[in-house]
Amino acid sequence: MTFSTIAYEIEDGIARICLNRPDKMNAMNNAMRDDILAALDRAIGDDAVRVILFHGAGRMYCAGADLSAGAATFDYDGAGGTGPVRQDGTIDYAHPEVRDGAGLITLKIFDAPKPVIAAVHGAAVGVGSTMLAAMDARFAADDTRFGFVFTRRGIVPEGASTWFLTRIVGLPTALDWCLSGRVFPASEALERGFVRSLHPADEVLDAALDYARDLAAQTAPVSVALTRQMLWKMAGAAHPMEAHKLDSRGVYARGRMADAREGVSSFLEKRDAAFTDRVSADMPDYYPWWDEPPYD
């Protein structure tokens, strides 16, 4: 499959998804949404991919939604198709055309069995920020500006960011950023824990790649897949007993596998581990343990 709005390449176990509309400041349109979803599917299904890394071409990471449609940008009634508006004027909120495109991306990232990180530069506003909130680590150029600008555009936050953001920065900061819609500097994003580290613009991608290479080279892919899902899914658990039950399953199931024997042996023999279990074939029989939530 070829992509028209992104570049996709694999090197050192890292699938790089580069937002590639530099003449449009990498603004998100439907074609980019579909390309990102397809690229994520490709990376998730490829055992050669250990980490997924997002970055942007040109002057910035992502300027938000493509506003070329002008004032009607967010009026989806005119987007074609049968539409969610019934003949009596009421809205069918379960209609597929109601679904927020950014949320389709972040929910796919949420269920991914591989770490997803980003190298961000220039600006990441609107969907450029909300898609980051579902990722596991964000590296930023020190001159980057972020913004959950939706109240200043007359809409509301998307990308399920009201769920993700509070878990990263806490409710007070999420309220400040989302209610005000203000654009804020990378230094504030670092202070509030939204980004992992700051770097000169010409070094931020290398910093993210170094982190990704270490994950790819030093960890067991099935263990990473399970651990990532355990952490994210337990973020909404009601009681630590839910985590204990899940931990117990994981330790028991993984302890029987080749990777556990290799992890211990390589440590005792003071050598690099060679993990052989594959995400495509060796996930335990209780995975996935969560029920896919209905959309209605």
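Stretching the chain fully between Trp290 and Thr151 yields a gain of 46.7 nm (0.36 nm per residue, less the alpha carbon separation). Membrane-span-like helices in the chain (whole DSSP H runs, Cα extent of at least 20 Å along the helix axis, mean Kyte-Doolittle hydropathy of at least -0.5): 30-44, 204-218.
Its Cα centre serving as origin, region 227-276 has a Cβ charge dipole (Lys and Arg +1, Asp and Glu -1) of approximately 100 debye.
Only helical runs count toward this figure. For the chain, summing -39,500 (n - 2.57) over DSSP H runs of n ≥ 4 and dividing by all residues gives -11500 deg cm²/dmol at 222 nm. For region 220-296, how big is the tail of P(r) above 18 Å, as a whole percent of Cα pairs? Every Cα pair in region 220-296 considered, those over 18 Å come to 47 percent.
Calculate, in whole percent, how much of the Cα-Cα pair population of region 6-216 lies beyond 31 Å. Before the final figure, lay out the partial values.
Details: 3826 of 22155 pairs.
So the portion of pairs separated by more than 31 Å is 17 percent.
Could you calculate, for region 142-296, the ratio of the Cα radius of gyration to the Kirkwood radius, expressed as Rg to Rh? Walk me through the intermediate numbers first.
Details: Rg = 19.9 Å, Rh = 19.0 Å.
Rounded to two decimals, Rg/Rh equals 1.05.
Entry note, region 120-200: relative contact order of 39 percent, from Cα contacts under 8 Å with a spacing of 6+ residues.
Using alpha-carbon pairs under 8 Å, 6+ residues apart, how would you state the relative contact order of the chain in percent? Before the final figure, lay out the partial values.
Working: 497 pairs, mean separation 47.6, N = 296.
Relative contact order here is 16 percent.
Counted residue by residue at 0.36 nm each, then reduced by the alpha carbon distance between them, the extension gain from Ala281 to Val98 reaches 62.3 nm. Between amide H atoms placed 1.01 Å from N, distances below 5 Å from Ile17 occur with Leu53, Phe54, His55, all of them 5 or more places distant or on a separate chain.
For a straight C-alpha distance cut-off of 17 angstrom, the aspartates and glutamates reachable from Lys233 (same-chain residues fewer than eight places away being disregarded) are Asp111, Asp136, Glu242, Asp247, Asp291, Glu292. Peptides 250-257, 155-162 ranked from most to least packed by the mean count of surrounding Cβ atoms within 10 Å: 155-162, 250-257.
So for the chain: antiparallel DSSP bridges make up what percent, rounded to the nearest 5?
On the way: 10 of 31 bridges.
In the chain, DSSP labels about 30 percent of beta bridges as antiparallel.
What order do you get for 225-238, 268-281, 197-210 when each peptide is scored by the mean count of other beta carbon atoms within 10 Å, highest first? Write out the running numbers ahead of the final one.
On the way: 225-238: 15.4, 268-281: 12.3, 197-210: 17.1.
Ranked by mean Cβ neighbours within 10 Å, highest first: 197-210, 225-238, 268-281.
Just so you know, all these numbers are worked out from the coordinates, no wet-lab data involved. As the structure is a computational prediction, the values presented were derived from the model and not from experiment. Cβ coordinates were reconstructed from backbone atoms using ideal geometry, including for glycine residues, and neighbour counts include every protein chain displayed.
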